[in-house]
1. Filtering segment 39-55 down to residues that are closer than 19 Å to Leu136 by Cβ and not in a loop (DSSP other than H, G, I, E, B), which residue is modelled with the highest pLDDT?
2. Please state which one of Ala24, Ala30 is touching a helix residue (DSSP H, G or I) at 6+ places or on another chain (Cβ under 8 Å), in a helix (DSSP H, G or I), within 19 Å of Tyr196 (Cα to Cα) and modelled with pLDDT of 95 or more.
3. Could you list, in sequence order, all residues of segment 140-171 that are at pLDDT 95 or above and within 13 Å of the chain's Cα centre (by Cα)?
4. So which pairs qualify, if the first residue must be in segment 173-196 and of a type in the set (D, E, K, R), the second must be surrounded by fewer than 24 Cβ atoms within 10 Å (Cβ to Cβ), the Cβ gap must be under 8 Å, and the two must be at least 6 apart or on different chains?
5. Hey, could you check segment 130-187 for residues that are in contact with a Gly (Cβ under 8 Å, 6 or more places away or on another chain) and of a type in the set (Val, Ile, Thr) and say which is farthest from His91 (Cα to Cα)?
6. Looking at Pro97 and the list (1) crowded, with 18+ Cβ neighbours inside 10 Å; (2) out of contact with any strand residue (DSSP E or B) (no Cβ under 9 Å at 6 or more places or on another chain), which single condition is not satisfied?
7. Hey, among Ala96, Ala55, which residue is of a type in the set (A, V, I, L, M) and more than 27 Å from Asn189 (Cβ to Cβ)?
Amino acid sequence: MPELKIAPSLLSCDFARIGEEVRAIEAAGADLLHVDVMDAHFVPNLTIGPPVVKAIKSVATKPLDCHLMMTDPQRYVEAFAEAGADYLTIHIESNAPIGDTLADIRKHGVKPGLVVNPDTTIEAVKPWLDQIDMLLVMSVWPGFGGQKFIAKVLETVRAARQLAPELDIEIDGGINGETIHEAVKAGANVIVAGSYVFGGDYAERIKSLRVA
């Protein structure tokens, strides 16, 4: 299984001090910076777009892992690529033409990924596993932070790890010092944590995830 990586979600940081927060979370040991992009259509919430990603990139030294919770993410691939995204993950449940969009992401020099919601099975993404650099399994419903971990998605994580032993498998939602045990045991190696990491001492919280 690939190495463990911690990807704090900037959705939980203080947006009034986002540059300072990026520097602080990197100094605390983050491996990736998870950026939640919401369009108020695919999910009810509305968050950041390419200009803010560009601002984050100007201070970040770690890769930007941009999760596009968008109905039509293919329309924005170039904009996010130019803004500095290192990963672009799109939902299998979106309206995007999956193969073409993944190819377009890679063409722009960005690592493509797919995302599955809690009720989507591994069958939906199986045809694309050899075309992606990361599979993100949502362990909450996308749109808002601070939700409770949905344990049934671990079945999807286990199935994905069996099918793709070397793939980065990311899990996002309700991850803390306790739920990470089952997530990693199932095969997840990229851990998104927002409320947990930003809700205490950043370095201590990241260390506790690694130790757990």
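1. By that ranking, first place goes to Val53.
2. On the way: Ala30 fails: in a helix (DSSP H, G or I).
One residue alone meets the criteria, Ala24.
3. Correct list: Asp168, Ile169, Glu170, Ile171.
4. Close Cβ pairs satisfying both conditions: Glu178/Ala212; Glu182/Ala151; Glu182/Leu154.
5. For segment 130-187, the residue satisfying everything is Ile150.
6. (1) is the only condition that Pro97 fails.
7. On the way: Ala96 fails: more than 27 Å from Asn189 (Cβ to Cβ).
The match here is Ala55.
Let's see how each residue does on (1) touching a residue at least 12 places away in the same chain (Cβ under 8 Å); (2) in contact with a Leu (Cβ under 6 Å, 6 or more places away or on another chain); (3) under 21 Å from Ala7 (Cβ atoms):
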residue: Cys66; (1), (2), (3): yes, yes, yes
residue: Ala96; (1), (2), (3): yes, no, no
residue: Gly99; (1), (2), (3): yes, no, no
residue: Met134; (1), (2), (3): yes, no, yes
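The values are calculated or read from the model by the stated rules, or taken from the named source; none is laboratory data. As the structure is a prediction and not an experimental result, all values here were calculated from the model. Positions of Cβ are backbone-derived with ideal geometry, glycine not excepted, and every protein chain shown enters the neighbour counts.
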